[in-house]
Amino acid sequence: MDVQVIESPCDCIWDDYAGFQLPMDVVLKNDYGLFIGEVETIHDYVFEFSGNENRRVTITYSSISEPFRDYFIESEAEVSNIRDSKVVLYQYKNMFIAYFYYNQKYYDIEAVYLTEKEFITLIKEIMNDDVSE
């Protein structure tokens, strides 16, 4: 597969950032897109945040299909219903992972050293209907 990384692929983070309710110390450090030559479009938009004490959040979304992931956690998933959407949640040590489809986007979110409450708040705010596209 022909995949290219494109730095800062759009201004969409500034439009979407209002929906990313993160702790004040967790700020955007990197954003990039994964361009797939076969379909000639950006498949994934990736936003990497980091904060104090090794806190990290990676928010990846795609309008095409589930975002690409280079590794998987082998633990039991919990399926929750948040704002009428099915969310698949994993926890492994200090890491949370969530997969869901909302507002015509597939999301893959990974957080390290966030509290469970901070992680769930992030998901709920992405799904907040008051946030415009």
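Does segment 84-121 hold any residues that are outside any strand (DSSP E or B), surrounded by 14 or more Cβ atoms within 10 Å (Cβ to Cβ) and of a type outside the set (A, V, I, L, M, F, W, C), and which are they?
Result: ASN103, TYR113, GLU118, THR121.
Looking at ASP16, ASP70, ASP44, which is the one that is of a type in the set (Asp, Glu), at pLDDT below 90, crowded, with 18+ Cβ neighbours inside 10 Å and more than 20 Å from GLU125 (Cβ to Cβ)?
ASP44
The values are calculated or read from the model by the stated rules, or taken from the named source; none is laboratory data. It should be emphasised that the depicted structure is a prediction, and the values quoted were computed from it without experimental measurement. Cβ sites come from the backbone with ideal geometry, for glycine too, and all protein chains shown count toward neighbours.
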